[in-house]
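Only one structure is covered here, and it is reproduced in the block below.
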Amino acid sequence: MRSVEEHQRAVAELIHPRPPVTVALPDAEGLVLAADVTAPISLPVFDNSGMDGYAVRADDVAAATADNPVRLPVAEDIPAGRTDVPTLEPGTAHRIMTGAPVPFGADGVVPVEATDGAVDVVAISAAIARGRHIRRAGGDVAQGATVLWAGQVVTPPAVGLAAALGLAELTVRPRQRVLVISTGSELIRPGIPLEPGQIYESNGVMLAAAVRESGAEVVAAVTVADDTAEFTAVLDRYGVADGAVDLIITSGGVSAGAYEVVKDVFGRDGDQGVDFVKVAMQPGMPQGIGRVGEAAIVTLPGNPVSAQVSFEVFVRPVLRHAMDLPAPERPRRTAVLSEKLTSPAGRRQFRRGLLDHETGTVTNYGPPASHHLRYLASANCLLDIADEVTELAVGTPVEVWDLTG
């Protein structure tokens, strides 16, 4: 059997980054910049008021106190958005709002709280220093400065900065486009009454959610019966041959039974571009990888825990790496085992666990069988038990994959 590490390398060689693209700002959030961003303008663009108050000449209010306020006629009203900038004459004040352009000649803004708020003749009860409450042009960003860097994740503040600079687009590393196909004639969409022998489909929605959580794009999540014509029709419908998909993830149809549609479509002997292998792990032994046209394909087992654990071990880190996203691997931590465990010889076992971050201990959570999805749904880590280990005593240090990171 192939080792986990060998299969991880094989999957990594299969999935490649897409060329950079330029997208609208709302579509760039969460992606990684592929090029530096330089400021086409300065921020602030012009000197503007940092307070609601009155623009003045500092010398005119130098003697102002609460007991002896200085009174100045209000010659102009300057709201935010005013485009004609007036000149402040000596011995006058202009009422001004936050963000409004500072009038020529003014060298300070008195907050409205230090005045009586009048609109004709204002009483100012405090002196101010020159430059006080004025946000100078270029005080945040100088025109031509590099403000965002290639390799940086586009966060909401980064989107805001780009918008403030007048940029409508950013050049980013695009999302990987993933088609999820869940196979099985027994699978029924939730909401439809079950007949004997039928189960509700869960792998497709689970894997699609995992793809989105990894940062990639779900082209579609489709359920197909164990029918080769239906399976190939799905590939045609979503433009696999036309390069509309980067990765196909299937679940089910890869074991040794008679009705294994994925193997039937791609050839059980690997003669159709997909190699089906056994990986020395539990859960998740039956795996497959290859190419369908230009798209990579990763075929996962059908049991829900096997499918999701396989995605975590083989697919998620490679997807994130292909999009240059930070921390492609789940955080690895060492925790102390709180109970005795056994593990099959020759299989690297991934057990569901509950990690206590405060105490540094980990508890096995649920049986190891791959159909026990309820435990995976509440687990916060995977215990990574090496293939040569068959028994672990209480208090043994064990490596865990932190699923919350």
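Counting only protein heavy atoms and using a 1.4 Å probe, what share of the accessible area of region 332-402 belongs to carbon plus sulfur, as a whole percent?
50 percent
With loop defined by DSSP as not H, G, I, E or B, and exposure as at most 13 other Cβ atoms within 10 Å, which is the longest segment of the chain clear of exposed GluC sites (Glu not before Pro)?
Here the longest run is 1-293.
Might you tell me the accessible area per residue for region 83-219, computed with a 1.4 Å probe and given in Å²?
48 Å²
Per residue, how much accessible area does region 332-402 show when a 1.4 Å probe rolls over the protein heavy atoms, in square angstrom?
Counting only protein heavy atoms, the per-residue value for region 332-402 is 49 Å².
Report, to two decimal places, the Cα Rg of the chain normalised by 2.2 N^0.38 Å (N = number of residues).
Rounded to two decimals, the normalised Rg is 1.46.
Give me the Debye-computed log₁₀ of I(q)/I(0) at q = 0.25 Å⁻¹ for region 168-241, equal point scatterers on Cα only, no solvent, two decimals.
Values, matching the q order: -1.15.
Given the DSSP H assignment, sum -39500 (n - 2.57) over each helix run of at least 4 residues in the chain and divide by its residue total; what's the result at 222 nm in deg cm²/dmol, nearest 500?
Mean residue ellipticity, 222 nm, calculated: -4500 deg cm²/dmol.
When the accessible area of region 137-288 is split by element with a 1.4 Å probe, what percent falls to carbon and sulfur?
Carbon and sulfur: 51 percent of the exposed surface of region 137-288.
Please check which bits of region 180-199 a label hung off His16 would reach, taking the label as a point 7 Å along Cα-to-C-beta and the cut-off as backbone N under 14 Å.
none
Using alpha-carbon pairs under 8 Å, 6+ residues apart, how would you state the relative contact order of the chain in percent?
Relative contact order comes out at 16 percent.
Using a Förster distance of 60 angstrom, determine the FRET efficiency expected from the C-beta separation of Ser378 and Arg82, and round it to 0.05.
That gives a FRET efficiency of 0.55.
Looking at region 332-402, what % of the alpha carbon pairs are farther apart than 16 Å?
Tail of the P(r) past 16 Å holds 41 percent of the pairs.
Taking only Cα atoms of region 79-226, what ratio of Rg to Rh do you get with Rh as the Kirkwood inverse-distance radius?
Rg divided by Rh gives 1.36.
Counting only other residues whose beta carbon sits under 12 Å from that of Val172, what net charge do I get with K and R as +1, D and E as -1?
Computed value for this residue: -1.
State the answer as a single residue: which of Pro79, Ala100, Ala118 lies farthest towards the positive end of the charge dipole of region 48-135, with beta carbon charges of +1 for Lys and Arg and -1 for Asp and Glu, about the Cα centre.
Ala100
Give the residue from Val274, Val309, Gly288 lying farthest towards the positive end of the charge dipole for region 187-312; charges sit on Cβ (+1 for Lys and Arg, -1 for Asp and Glu) and the dipole is referred to the Cα centre.
Checking the options against the dipole of region 187-312, the answer is Val309.
Say each of Ile41 and Ala123 gets a label point 7 Å from the Cα, pointing the same way as Cα to Cβ; how far apart are those two points in nm?
Taking the simple label geometry, Ile41 and Ala123 are separated by 4.1 nm.
Evaluate the relative contact order of region 80-137 (contact order divided by residue number), counting alpha-carbon pairs under 8 angstrom at least 6 apart; express in whole percent.
Across region 80-137, relative contact order equals 30 percent.
Evaluate E = 1/(1 + (r/R0)^6) for Ser3 and Lys340, where r is the Cβ-Cβ distance and R0 equals 35 Å; express this FRET efficiency to the nearest 0.05.
That pair, Ser3 with Lys340, gives E of 0.85.
By what distance, in whole Å, do the Cα atoms of region 48-135 stretch along each of the three principal axes, largest value first?
37, 24, 22
Report the extension gain between Thr404 and Phe104 in nm, rounded to one decimal, defined as 0.36 nm multiplied by the number of residues separating them, less their alpha carbon distance.
Separation in residues times 0.36 nm, less the Cα-Cα distance, equals 102.5 nm.
Using 0.36 nm times the number of residues separating Asp27 and Ala244, minus their current alpha carbon distance, what extension gain do you get?
That works out to 76.3 nm of additional length.
The values are calculated or read from the model by the stated rules, or taken from the named source; none is laboratory data. Keep in mind it's a predicted model, so treat the numbers as computed, not measured. Because the Cβ atoms are built from the backbone with ideal geometry, glycine has one as well, and the counts that use them run over all protein chains shown. Ligands, DNA and RNA are excluded from the accessible area calculation, which covers all protein heavy atoms including side chains. Shrake-Rupley method; radii C 1.70, N 1.55, O 1.52, S 1.80 Å.
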